[in-house]
Every structure is written in structure tokens, then in C-alpha cells.
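The values are calculated or read from the model by the stated rules, or taken from the named source; none is laboratory data. This one's a predicted model, so the numbers in the text were calculated from it and none came from an experiment. Heads up, the Cβs are rebuilt from the backbone with ideal geometry, glycines too, and the neighbour counts pull from every protein chain shown. The protein model used for the area step is the full one, side chains on, heavy atoms only, and it has no ligands, DNA or RNA in it. Shrake-Rupley method; radii C 1.70, N 1.55, O 1.52, S 1.80 Å.
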Amino acid sequence: MRILVVEDDKKIASFIVKGLKESGYAVDHAADGEEGVSLALTEPYDLAVVDIMLPKMNGLSLIEEMRNQKIITPVIILSAKRTVDDRVRGLQTGGDDYLTKPFAFSELLARVQALIRRASTIADPSRLEFKDVAMDFYSHEVTRSGNKINLQPKEFSLLEYLMRNSERVVSKTTILEHVYDYNFDPQTNVVDVLVCRLRNKIDKDYEDKLIHTIRGVGYVLKES
């Protein structure tokens, strides 16, 4: 999953970006509203975290422009303003959640996870299942046929993306867009290496292989 963070305070931005990356998300950071709206309108994000007080363009104007352009990416608003009127205005502008500063990263992460799940059409948003593979977002555990599989954050993110798009071929480019940030060179073999690592953990010890390569196109999670 790929997240956009728009925050001009370097300390807060570093705190958020570092925590989200450690939690397995691909993260892009913009330090002002104009850069933020440019990224939001041109790159595919699963969620955005937007501060209200930004240079060049404030956060509410950024969100309003996103909604005017039919960008439905869920948005968490960050603000030092605590009044009910401020929260209402933020939500009416197009924000999906509102978090006041200062905040604990654990609360931000919980809200991020909740919004991404809410945006999904899956019946039980706390977990994903495909055949005998289960992914639990609360415990961050993955099992196959009841056996626990230990995944690194990027492996977890890749499996989540494949499971959300099961039976559908996804290209290397779309994997880069959702699992890595936009600084990665699409010509590198980082996706192939990551898929190989995940396949060794998910498929190696099982007769029924689930991760398949579609040569010249990409990868798909499906039954053999």
C-alpha cells in the first residue's frame, strides 16, 4: 500500500514517514501544498495524510482540489486546531478522518489501517484470505494451511497487494507504485527479487503454487 504524507514540519514528517515505512508502507513525502497536490493528482495512492497549515497551498485547498478532480483517495487530516468547527470543516471539505497534534504514532497507524480497510469491499476488513492463505492485519500475521509464515514488511505489503488483486495480473510497474515510493527506478529488478523472496516463503513448501509469473506482463495470485 502506498501513502502520501504532506507535512512541512521536518521533525513531524520524518516521524510519520519513518513509522509508516517501518510498518511496511511505501511512502512519498511533500513539504508544501503545491507539491502535495501535484503528487496526489498524478500518482496512485491508497491513502493521504495531510496537514492543514502548509506553505504555498493549505491542506483544505489541497483536499478540495483532489475531490474536484474526482480523486477519491482517503485522507487523514492533521491539525493543531482542536475545535469541533475545525474538525467539521475538514470533514466537509473532503477529509475522511481528523487527527489533532500532538498524536501518538500508534493512533495514526490504527487510523491509517482502518481507512484503508474501510475503502476495501472485503466483508471482513481485518483480514484477507485467498485459498489456504490468511493475512491478519491486527496481529500482522500470515498463515498458509494454518502454518505461520514470517514476512518482512515489504513482503507483507506485496502479498497484501496480490491478495487484494487475486486472479488479476498486476504489472511490475503497478507493484512499484503501490509497494515502493516514486524514487525507485522502474528499470531495476527490485520487484523480481521481492517476488522471488515472497514465493520462497508462500509456495516453496506447498504443492499448489499460488504466485505465478505472466511473462512480459507481470504476476498474479491464483491457483495452479
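Summary table
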{"item": "Residue match in segment 63-73 (condition: under 22 Å from T174 (Cα atoms), crowded, with 18+ Cβ neighbours inside 10 Å and touching a strand residue (DSSP E or B) at 6+ places or on another chain (Cβ under 6 Å))", "result": "yes"}
{"item": "Selection count where residues are under 15 Å from D97 (Cα atoms) and part of a loop (DSSP other than H, G, I, E, B), scope segment 56-77", "result": "3"}
{"item": "Close pairs (7 angstrom Cβ cut-off, 6 or more residues apart or separate chains): in a helix (DSSP H, G or I) in segment 87-100, open to solvent by 60 Å² or more (accessible area, probe 1.4 Å) and of a type outside the set (A, V, I, L, M) anywhere", "result": "T93/E64"}
{"item": "Residue in segment 117-140 that is loosely packed, with under 13 Cβ neighbours inside 10 Å and modelled with pLDDT of 90 or more present", "result": "no"}
{"item": "Index of the failed condition, I149 passing every other in (1) modelled with pLDDT under 90; (2) out of contact with any Pro (no Cβ under 8 Å at 6 or more places or on another chain)", "result": "(1)"}
{"item": "Residue ID - nearest to K172 (Cα to Cα), chosen from residues in segment 199-220 that are of a type in the set (K, R) and assigned to a helix (DSSP H, G or I)", "result": "R199"}
{"item": "Residue match in segment 147-158 (condition: surrounded by 21 or more Cβ atoms within 10 Å (Cβ to Cβ) and among the charged types (D, E, K, R))", "result": "yes"}
{"item": "Failed condition for S14, given (1) touching a residue at least 40 places away in the same chain (Cβ under 8 Å); (2) within 26 Å of Q152 (Cβ to Cβ)", "result": "(1)"}
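A quick yes/no check of all residues on (1) in a helix (DSSP H, G or I); (2) open to solvent by 60 Å² or more (accessible area, probe 1.4 Å); (3) modelled with pLDDT of 95 or more:
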{"site": "V5", "(1), (2), (3)": "no, no, yes"}
{"site": "S14", "(1), (2), (3)": "yes, yes, no"}
{"site": "L20", "(1), (2), (3)": "yes, no, no"}
{"site": "V27", "(1), (2), (3)": "no, no, no"}
{"site": "A40", "(1), (2), (3)": "yes, no, no"}
